[in-house]
Amino acid sequence: ALVVLVLLLTLGSIRAGLVVASVIPLAMIGAATCMRLFGIPGNLMSLGALDFGLIVDGAVVLVEHAFHARLTESRRPEENESDWLARTCASVARPTLFAMLTISLVYVPVVALTGVDGKMFRPMALVVLFALGTALILSLTFVPAALSAAMRGKWPTRGSWVAKLIARFYPQVL
């Protein structure tokens with residue numbers, strides 16, 4: 001709910017917020033499937049480290065970039081909306097991939113732990129990696145397609161009032 005609210009305020013679109021929020025349960029399904037495949041029990045220790053902010057990070061980047069591009073650049077005359085969105089999302093796919101991989105690298109040393117520490121923390125790290133991997137795949141495939149369907153003809157023509165307020169005071173805060 002918080003993700004949808006923040007995106008609604010900053011982007012001005014409940015549809016975009018719902019597209020991003022849909023990544024959370026889908027990534028959880030992917031993580032649960034991997035947990036089942038690898039025999040990791042679902043308990044407080046293995047599921048407690050999941051951070052929804054990390055999970056939706058890639059989707060947020062793609063959606064915010066699409067909104068920014070829609071407001072600041074014009075579409076090529078020969079390009080339909082779906083092609084424009086595919087091109088726009090593809091332009092940030094690589095940075096999104098590397099950002100998610102960087103976040104994932106934090107958990108790799110935890111997977112390598114041995115002894116009691118390994119038994120305790122390895123399931124947690126693996127579940128986070130499963131969720132991040134699923135979220136990355138969803139961000140690069142599902143999110144652009146869902147955004148295209150959700151925003152068809154409903155793109156805002158100007159930025160939200162919250163984004164304008166932030167833009168006004170942000171340079172002064174720095």
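Tabulated results
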quantity: Charge dipole (debye, nearest 20) of the chain; +1 at Cβ of Lys and Arg, -1 at Cβ of Asp and Glu; calculated: 260
quantity: Globularity ratio of segment 55-122, using Cα Rg and 2.2 N^0.38 Å; calculated: 1.69
quantity: Max mean-square fluctuation residue, GNM over the chain, Cα-Cα springs under 10 Å, options GLU64, GLU81, GLU73; calculated: GLU73
quantity: Efficiency of FRET from Cβ geometry, ARG168 and ALA1, R₀ 30 Å, rounded to 0.05; calculated: 0.65
quantity: Share of carbon and sulfur in the accessible heavy-atom surface of the chain [1.4 Å probe, %]; calculated: 68
quantity: Neighbour cut-off at most 15 other Cβ (10 Å), DSSP loop, trypsin sites (Lys or Arg not before Pro), segment 99-174; calculated: ARG152, LYS154, ARG158
quantity: Segment 85-174: relative contact order in percent, alpha carbon pairs under 8 Å with at least 6 residues between; calculated: 27
quantity: Highest-MSF residue in the chain out of SER82, SER22, SER74 [GNM, Cα springs under 10 Å]; calculated: SER74
quantity: Rounded tilt (10° steps) of 93-105 against the dominant C-alpha axis of the chain; calculated: 30
quantity: Net charge, VAL110 excluded, C-beta distance under 9 Å - Lys, Arg +1, Asp, Glu -1; calculated: 0
quantity: Residue-count net charge about ALA99 - beta-carbon cut-off 15 Å; Lys, Arg +1, Asp, Glu -1; calculated: -2
quantity: Neighbour net charge for TRP84 - beta-carbon separation under 11 angstrom, K R +1, D E -1; calculated: -1
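The values are calculated or read from the model by the stated rules, or taken from the named source; none is laboratory data. This one's a predicted model, so the numbers in the text were calculated from it and none came from an experiment. Note: ideal-geometry Cβ built from the backbone for every residue, glycine included; neighbour counts use all protein chains shown. Areas reflect the complete protein model, heavy atoms only, side chains present, ligands, DNA and RNA absent. Shrake-Rupley method; radii C 1.70, N 1.55, O 1.52, S 1.80 Å.
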